[in-house]
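Undergrad: I'd like to ask some things about the structure below.
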Amino acid sequence: MIYPTINPIALDLGFIQIYWYGLMYLGAFLAAYFLANYRAKQSDHWNPQQVEDLIFYGAIGVIVGGRLGYMLFYNLPHFLSDPLSIFAIQGGGMSFHGGFLGVLLAMVLFNRKYHKSFFTTMDFVAPLVPLGLGFGRMGNFINGELWGKETTSPLGMFIQEQGVALYPSQLYEAFLEGLVLFIILWVYSQKSRPLMSVSALFLIFYGLFRFIIEFVREPDVQLGYLAFDWLTMGQLLSLPMIVLGVYLIFKAKK
C-alpha cells in the first residue's frame with residue numbers, strides 16, 4: 001500500500017483554516033452526543049439536559065487533560081523549560097491517557113452537579129468513547145504522524161517522501177481501539193450489567209489493544225524505549241488500566 005499524502009487543511013477560507021484533525025475531534029464529540037442520547041432514551045435515569053452537560057464536561061476533560069498529559073508524560077523537560085508551550089497546540093501533542101484522566105476528573109464534577117455515583121456515570125460513558133478514539137487516530141493518519149516501525153511486511157504502507165515502508169499503526173489503533181472496542185462495549189452494555197463491569201471492560205480491552213499495538217509503533221523520539229529495548233511510555237501507562245480493569249471486573253461480579 002502507498003500512503004496517500006493528504007493535505008491536513010480540509011478547508012482554507014483565507015481568514016481561517018479548518019484542519020482535518022479538528023474535524024475529527026468534532027466528529028468524535030458528535031458521535032458521543034448522538035450515542036449518549038440513544039442510550040439515555042433506553043434509561044429512566046438520564047435526560048437531554050444531563051446528556052448535553054455530560055458531553056460538555058467530557059469535551060473539556062479530553063482537551064485539557066489530553067494536552068496537559070502530553071506535556072507531563074511525553075515532553076516534561078520542554079514543558080518545564082517553557083511552560084507556555086502548553087498553549088502551542090498548532091504543533092500538535094495530545095495524550096490519550098492524559099485525556100482519560102481529564103475525563104475522570106470532569107465526571108467527578110458532573111456527578112457532584114447531578115448527584116450521580118461515579119461508576120453509574122462511567123458505565124454510561126464508556127461505550128461512547130471508542131468511536132471518538134477511532135476518529136482521533138484517523139486524524140493522526142491524515143496528519144502523517146505516529147507511524148509504526150519500518151517494515152517489509154505487506155501490512156506496511158510505503159511513504160514516498162521518506163522512501164520507506166512503515167506500519168500504519170494509526171489505522172491499527174483506529175480499528176482495535178475504535179471500532180472493535182466500540183462493538184464489544186456497545187453489545188455488552190445493551191443488557192443490564194453489574195455496576196463497574198462496563199467500565200472494567202473498557203479498561204481491560206483498551207489497555208490490552210494499546211499495549212499490543214505499541215510493539216509495532218515507533219516510541220516518541222524524545223523518550224525512546226523506557227526499558228528492555230521494547231517498553232514504551234504508552235505500554236507503561238496502559239498496564240495500570242489493565243490491572244485496574246481486572247480488579248473491577250472481579251469486584252463487579254461479586
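Undergrad: Let me confirm something: among 226, 237, which residue is in contact with a Leu (Cβ under 8 Å, 6 or more places away or on another chain) and of a type outside the set (S, T, N, Q)?
TA: One residue alone meets the criteria, 226.
Undergrad: Further question: Quick check on the stretch 27-41. Is at least one of its residues open to solvent by less than 60 Å² (accessible area, probe 1.4 Å), without any contact (Cβ under 8 Å) to a residue 60 or more places away in the chain, not in a strand (DSSP E or B) and not hydrophobic (A, V, I, L, M, F, W, C)?
TA: Yes, the conditions are met somewhere in the stretch 27-41.
Undergrad: Related question: Spot the failing condition for residue 53; the list is (1) touching a residue at least 12 places away in the same chain (Cβ under 8 Å); (2) acidic (Asp, Glu); (3) not in a helix (DSSP H, G or I), and only one is missed.
TA: Against the list (1) touching a residue at least 12 places away in the same chain (Cβ under 8 Å); (2) acidic (Asp, Glu); (3) not in a helix (DSSP H, G or I), residue 53 comes up short only on (3).
Undergrad: A further question follows. Check whether at least one residue in the stretch 110-128 is within 19 Å of residue 69 (Cα to Cα) and either crowded, with 17+ Cβ neighbours inside 10 Å or of a type outside the set (D, E, K, R) (or both), and report yes or no.
TA: no
Undergrad: Residue 146 fails exactly one of the following numbered conditions: (1) within 17 Å of residue 210 (Cβ to Cβ); (2) assigned to a helix (DSSP H, G or I); (3) not charged (D, E, K, R). What is the number of that condition?
TA: If we test residue 146 against (1) within 17 Å of residue 210 (Cβ to Cβ); (2) assigned to a helix (DSSP H, G or I); (3) not charged (D, E, K, R), just (2) comes out false.
Undergrad: Does the stretch 116-135 contain at least one residue that is closer than 30 Å to residue 194 by Cβ, among the hydrophobic types (A, V, I, L, M, F, W, C), touching an Asp or Glu at 6+ places or on another chain (Cβ under 6 Å) and at pLDDT 90 or above?
TA: yes
Undergrad: Among (1) among the small types (Gly, Ala, Ser); (2) buried (at least 16 other Cβ atoms within 10 Å of the Cβ); (3) within 14 Å of residue 138 (Cα to Cα), there is one condition residue 22 misses while meeting the rest; what is its number?
TA: For residue 22, the failing item is (2).
Undergrad: Does any residue of the stretch 77-90 turn out to be farther than 30 Å from residue 113 by Cα, assigned to a helix (DSSP H, G or I), of a type outside the set (Ser, Thr, Tyr) and open to solvent by less than 70 Å² (accessible area, probe 1.4 Å)?
TA: Scanning the stretch 77-90, I find at least one residue that is farther than 30 Å from residue 113 by Cα, assigned to a helix (DSSP H, G or I), of a type outside the set (Ser, Thr, Tyr) and open to solvent by less than 70 Å² (accessible area, probe 1.4 Å), so the answer is yes.
Undergrad: Based on this model, can you work out whether residue 197 counts as of a type outside the set (A, V, I, L, M), open to solvent by less than 20 Å² (accessible area, probe 1.4 Å) and more than 18 Å from residue 147 (Cα to Cα)?
TA: Yes.
Undergrad: I would also like to ask the following. Give the stretch 133-164 a look and list any residue that's open to solvent by less than 20 Å² (accessible area, probe 1.4 Å) and of a type in the set (Gly, Ala, Ser), or say none.
TA: Hits for the stretch 133-164 are 134, 136, 139, 148, 156.
Undergrad: Only one of (1) under 21 Å from residue 124 (Cβ atoms); (2) open to solvent by 30 Å² or more (accessible area, probe 1.4 Å); (3) touching a Ser or Thr at 6+ places or on another chain (Cβ under 9 Å) is not met by residue 73, so which one is it?
TA: Going through the list (1) under 21 Å from residue 124 (Cβ atoms); (2) open to solvent by 30 Å² or more (accessible area, probe 1.4 Å); (3) touching a Ser or Thr at 6+ places or on another chain (Cβ under 9 Å), residue 73 breaks only (1).
Undergrad: Here's another thing I want to ask about it. Is there a residue in the stretch 109-119 that is among the hydrophobic types (A, V, I, L, M, F, W, C) and closer than 22 Å to residue 10 by Cα?
TA: The answer is no, given that none of the residues of the stretch 109-119 is among the hydrophobic types (A, V, I, L, M, F, W, C) and closer than 22 Å to residue 10 by Cα.
Undergrad: Oh, and also: Are there any pairs with C-beta distances below 8 angstrom linking a residue in the stretch 103-129 that is more than 13 Å from residue 43 (Cβ to Cβ) to a residue that is aromatic (Phe, Trp, Tyr) and open to solvent by 20 Å² or more (accessible area, probe 1.4 Å), with the two at least 6 apart or on different chains, and if so which?
TA: 106/57; 107/57; 107/118; 108/118; 109/57; 110/57; 111/118
Undergrad: Under 7 Å by Cβ, and 6 or more places apart or on different chains, what pairs join a residue from the stretch 194-211 that is charged (D, E, K, R) with one that is part of a helix (DSSP H, G or I)?
TA: 210/177; 210/234; 210/238
Undergrad: Can you name the residue in the stretch 209-244 that is assigned to a loop (DSSP other than H, G, I, E, B) and in contact with a strand residue (DSSP E or B) (Cβ under 8 Å, 6 or more places away or on another chain) and, of all such residues, is surrounded by the fewest Cβ atoms within 10 Å (Cβ to Cβ)?
TA: The residue in question is 225.
The values are calculated or read from the model by the stated rules, or taken from the named source; none is laboratory data. This is a predicted model, so every value here is computed, not measured. For neighbour counting, all protein chains shown are included, and Cβ atoms are generated from backbone atoms with ideal geometry for every residue, glycine included. Just the protein is used for accessible areas: all its heavy atoms, side chains included, with ligands, DNA and RNA removed. Shrake-Rupley method; radii C 1.70, N 1.55, O 1.52, S 1.80 Å.
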